[in-house]
Amino acid sequence: MLEKILQVNDLRIQFKSGKETVQPIRGVNFHVNRGETLGIVGESGCGKSVTSLSVMGLLPVKSSKIVSGEILFNNRDISRLNEKEFRKLRGNEISMIFQEPMTSLNPVFTIGEQLSEPLRQHKKMSKSETRKTIITVLKQVGLPRAEQIIDEYPHQLSGGMRQRVMISLALLCQPKLMIADEPTTALDVTIQAQILELLKDIKTKNDMSLMLITHDLSVVAEMCDRVVVMYAGEVVEEAEVNELFDRPLHPYTQGLMKSLPSNNERKSTLFSIQGQVPKPSEIKEGCVFANRCPFAFEKCLAETPPAFKKGEHISKCWLQEPALEEVKHSGEPSIVIS
Amino acid sequence: MESQVLLSVKNLKKYYEIPQGMFKEKILVRAVDDVNFTVMKGETFALVGESGCGKSTTGRTILRLVEPTAGEVIFKGTNLATLPYDQMRSMRKQMQMVFQDPYASLNPKKTIRQILMEPLRVHDKFDKKERLQKVISMLQIVGLSEYHLDRYPHEFSGGQRQRIGIARAVILQPDFIIADEPVSALDVSVQSQVINLMLELQKEFGLTYLFISHDLSVIQHMTDRVAVMYLGKIVEIAETEDLFNNPKHPYTQALLSAVPVKHPKEEKSRIILKGDVPSPANPPSGCTFHPRCPFAMEICKSVMPEPTEFEKGHTANCHLYIKNEEEIKHAVIYS
Amino acid sequence: MTVNFPKVPHAANTQPLKSKKQSAVAAFFSNLMRSWTGMLGFLIIVLLLFISIFGQWIVPYDPLLADFGKKLLPPMTDGHLLGTDQLGRDIFSRIILGARISVIIGVTTVLIAGTFGTIVGIISGYFRGWIDVILMRIVDVQLSFPFILLVLVINAIIGTGLRNIIISLAIGGWVIFARVIRSEVLALREKEFIIASVATGVSRIGILFKHILPNLFTPIIILSSLQIGTYIIAEASVSFLGFGVQPPEPAWGNMLNEGKDYIFSSWWLITFPGIAIMFTALGVNLFGDWLRDTLDPELKGE
């Protein structure tokens with residue numbers, strides 16, 4: 001059996017804004033196996049970033065709260081660690097790459113100064129050792145002239161190079177888990193191809209697990225072993241990547257795939273999911289996708305579907321209820337829209 | 001399709017000067033450097049390229065939102081580049097623009113009614129009552145309703161704002177719309193809704209689009225012809241299907257190969273380009289792509305390639321296709 | 001894929017939007033309630049406005065009436081709440097009437113300096129070019145002069161009195177408006193919604209009045225509220241130095257001036273006007289800060 005390096009069980013997170021509380025994360029379950037790449041896909045506002053921040057212990061302390069659930073990292077619950085304990089973990093055993101390579105580096109420090117920070121924090125190293133380690137890592141992420149770049153400032157580097165620096169920053173302490181939150185969204189296609197290639201490469205070389213958060217299904221197809229699809233604060237589907245692309249079970253996943261221009265005939269009307277994602281405050285009883293789902297029936301509006309398992313393929317949709325198999329195959333699906 | 005030229009851009013240049021203090025020479029940034037293309041009536045013409053390649057600047061220069069440094073923009077026989085300000089202003093009712101960022105392109109202090117009324121008001125179209133009718137019917141066309149009239153932009157989602165931006169551009173019933181990355185700020189499911197809307201409007205009003213984007217799958221889906229830009233220059237122009245099936249320029253080939261796969265089982269041979277795009281302030285000599293080009297030859301370092309024509313108006317600016325050695329020598333001598 | 005979706009036409013996003021907007025006044029107060037500093041500032045301002053309007057009916061004594069038999073009475077004696085000055089005038093009454101001078105000077109100066117400075121700022125920022133260079137160099141030159149010194153010099157030239165102090169403060173103060181508004185206009189000019197309006201075909205003047213001006217409203221309000229405090233203090237300083245409002249007219253600054261000779265024997269002569277100035281400046285600044293925090297979209301989440 002594969003070793004699970006990260007397990008998130010029934011995670012629920014609440015946010016306070018003013019007098020109102022909203023719950024953008026409502027019962028999220030998934031795990032990351034050792035050495036695999038797990039993709040978390042979803043549109044903006046689905047809670048994928050909040051989930052990753054909670055794993056890093058980076059949720060805003062004052063306005064957010066983990067209501068229930070646990071986050072097991074190497075079988076140790078880290079969801080309720082205090083800041084000091086988290087600091088030992090962050091950048092050391094779990095590290096993170098952010099979307100915006102332009103703003104995630106501090107403009108007044110050299111690359112070397114920024115990269116020595118985590119080493120000083122977590123490892124006892126002499127100055128020359130630190131420098132040597134940094135240069136090695138910079139070379140590992142494919143930066144030319146590593147010996148010079150170490151003394152340069154972020155503004156002297158291009159976007160792609162900065163993202164490489166960010167990756168080397170995340171790599172420094174040889175983490176067991178790397179979280180990449182939309183690592184290529186701000187980059188051009190040709191640079192994206194370089195960075196994805198690099199991520200694949202360093203993942204195998206360093207025996208890491210990678211949790212890749214993205215809105216881009218083709219990045220998932222390119223990179224991931226398993227995929228978790230999130231919608232409105234819930235995991236609606238989870239499957240092995242080929243399985244997911246061949247047989248998406250949840251209507252949301254199906255809709256996402258069908259709406260890609262490359263899956264439609266040129267110049268034809270694209271398939272599109274109607275309506276839009278409900279705001280956390282608008283979510284009522286029933287399936288979160290029911291108001292946009294072309295297959296929704298009475299039960300979907302009344303009851304929240306549990307996660308149905310078909311082997312390793314999990315989906316949260318009433319259509320997957322074994323008793324309903326016949327309905328799905330009998331003719332046109334009925335459309336019930338509130 | 002009967003092809004009739006709607007817009008032709010000739011030798012368009014936009015250089016920015018960056019002063020470097022009193023005694024140093026100014027840096028010249030060649031954002032758009034000698035761009036030529038024509039757009040036919042009723043077609044969707046795409047400008048594709050990576051950030052900083054000058055595709056947005058080209059679009060804005062055509063509309064004179066940025067003043068061109070040199071060149072001609074001939075729209076229905078009139079050269080826009082030299083048109084006096086007021087005449088240009090009245091030309092704008094025939095050519096409109098849709099912007100990338102639906103959050104930044106709508107005035108936060110104006111209601112939807114005011115935003116959509118404005119184009120009708122400034123071009124003095126219809127009387128007051130008719131204007132409101134027109135605004136309401138336009139809102140309905142883009143999938144919103146009368147009920148949204150007195151709301152402010154911040155009350156809408158990104159997709160809805162983009163619909164409003166499109167309504168503003170289409171309400172004057174222009175012939176030509178420049179759409180600058182109209183869907184790249186939107187989520188996948190909303191993106192498809194907006195693409196559909198643009199396709200529908202094109203059919204309904206016979207619009208011609210200049211579609212600026214970096215997203216190759218969107219371009220493949222909705223455009224007729226494509227111009228690929230790199231460092232302020234067009235390196236290849238072709239019909240969309242032709243370009244995707246048979247890219248000629250090494251940069252286009254690399255660009256297409258960099259697009260992530262559609263399915264995990266799909267195998268793709270990648271041309272991974274070395275390094276980053278050079279700065280347009282200091283472009284490489286000769287062919288600007290040569291430092292990154294896997295096929296670069298000696299000549300590429302010194303001579304800028306001229307367009308080579310293939311079938312069906314497919315052109316590429318690359319020395320690989322200038323076969324005649326005489327020609328090469330000639331080019332060297334006279335460059 | 002196993003199942004086929006029915007084709008759905010591009011959908012109207014008829015998701016319920018926020019219910020009808022709160023009325024502006026209700027929103028203002030509910031916002032104000034959340035910040036005690038803002039509330040305090042607001043209350044001080046309301047009090048100040050109240051006494052400057054109704055001051056002449058609430059004063060217990062004639063503030064100009066000298067009574068040498070009662071001079072330099074300490075606070076709380078003989079019915080004089082805050083005591084009397086060297087001429088036997090009631091200090092409490094004088095402070096109340098002095099409030100009116102402060103308010104008049106603060107508000108009028110902001111109106112004049114604000115209008116002029118805003119116009120210059122808009123011209124400079126919107127039209128750029130040589131006019132911008134000239135105007136901004138003037139601003140630079142003036143800013144290199146200390147504000148109070150400049151006001152004093154102008155006062156020395158044109159003379160003292162309420163009208164002249166307002167003129168001199170306005171001449172000294174418009175540059176701040178010009179600077180801030182110019183930079184706001186420069187930033188606005190490049191905003192995409194402005195470019196979008198140009199693309200629609202709106203004329204230059206239309207852009208200026210219909211799009212730039214409405215977006216300047218917030219910074220003007222914020223800056224004005226903060227500048228009022230500055231002008232009130234400046235007036236007090238100038239009056240203290242003998243250039244501003246002339247005795248016997250009661251202004252807080254000249255009360256300080258007259259009382260300074262008695263500082264060791266009769267502390268109340270300068271203490272109470274001083275406190276009045278302090279509270280006014282504090283109130284105006286607290287309110288101005290709150291306004292900025294509330295109205296500034298950079299600080300306010302979307």
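Here are some notes:
- With respect to (1) crowded, with 18+ Cβ neighbours inside 10 Å; (2) under 28 Å from B:Ile212 (Cα atoms); (3) more than 7 Å from chain C (Cβ to nearest Cβ), the lone exception for B:Pro108 is condition (1).
- When the criteria are applied in full, A:Gly286 meets the requirement of being at pLDDT below 90 and more than 8 Å from every other protein chain (Cβ to nearest Cβ).
- Strands (runs of 3 or more DSSP E) contained in the stretch B:191-308 and holding at least 3 residues not hydrophobic (A, V, I, L, M, F, W, C): B:208-213, B:233-239
- Cβ pairs under 8 Å, 6+ apart, first in the stretch B:295-321 and modelled with pLDDT of 85 or more, second of a type in the set (Phe, Trp, Tyr) and outside any loop (DSSP other than H, G, I, E, B): B:Thr308/B:Tyr321; B:Phe310/B:Tyr321
- Enumeration of residues in the stretch B:254-268 that are in contact with a helix residue (DSSP H, G or I) (Cβ under 7 Å, 6 or more places away or on another chain) and either buried (at least 20 other Cβ atoms within 10 Å of the Cβ) or more than 7 Å from every other protein chain (Cβ to nearest Cβ) (or both): B:Ala254, B:Leu255, B:Leu256, B:Ala258, B:Val259, B:Pro260, B:Pro264, B:Lys268
- The stretch B:85-103, subset out of contact with any Gly (no Cβ under 8 Å at 6 or more places or on another chain) and in a strand (DSSP E or B), residue farthest from B:Ala179 (Cα to Cα): B:Met95
- For the stretch B:272-282, filtering for residues that are more than 7 Å from every other protein chain (Cβ to nearest Cβ) and either crowded, with 18+ Cβ neighbours inside 10 Å or at positive phi (or both) leaves 3.
- Subset of the stretch B:263-276 [at pLDDT 80 or above and closer than 18 Å to B:Cys300 by Cβ]: B:Ile271, B:Leu273
- Among the residues listed as C:Ala251, C:Ala234, the single one being in contact (Cβ under 8 Å) with a residue 60 or more places away in the chain and either within 14 Å of another protein chain (Cβ to nearest Cβ) or touching an Asp or Glu at 6+ places or on another chain (Cβ under 8 Å) (or both): C:Ala251
- Residues located in the stretch A:163-189, provided they are part of a helix (DSSP H, G or I) and touching a helix residue (DSSP H, G or I) at 6+ places or on another chain (Cβ under 8 Å): A:Gln163, A:Arg164, A:Val165, A:Ile167, A:Ser168, A:Leu169, A:Leu171, A:Val189
- Subset of the stretch A:199-214 (residues that are within 14 Å of another protein chain (Cβ to nearest Cβ) and surrounded by fewer than 20 Cβ atoms within 10 Å (Cβ to Cβ)): A:Lys200, A:Asp201
- Test result for A:Asn75, closer than 24 Å to A:Val28 by Cα and away from chain B (no Cβ under 14 Å): yes
- For the criterion of being among the basic types (Lys, Arg), out of contact with any helix residue (DSSP H, G or I) (no Cβ under 6 Å at 6 or more places or on another chain), more than 10 Å from chain C (Cβ to nearest Cβ) and in contact (Cβ under 8 Å) with a residue 40 or more places away in the chain, B:Lys125 passes.
- Of all residues in the stretch C:86-121 being touching a Pro at 6+ places or on another chain (Cβ under 8 Å), part of a helix (DSSP H, G or I) and not aliphatic (A, V, I, L, M), the one that is nearest to C:Met76 (Cα to Cα): C:Phe92
- Those residues of the stretch A:240-264 which are more than 9 Å from chain B (Cβ to nearest Cβ) and assigned to a loop (DSSP other than H, G, I, E, B), in sequence order: A:Arg247, A:Pro248, A:Leu249, A:His250
The values are calculated or read from the model by the stated rules, or taken from the named source; none is laboratory data. Just so it is clear, the structure is predicted and the values come from calculations on it, not from any experiment. Backbone-built Cβ (ideal geometry, glycine too); neighbour counts: all protein chains shown.
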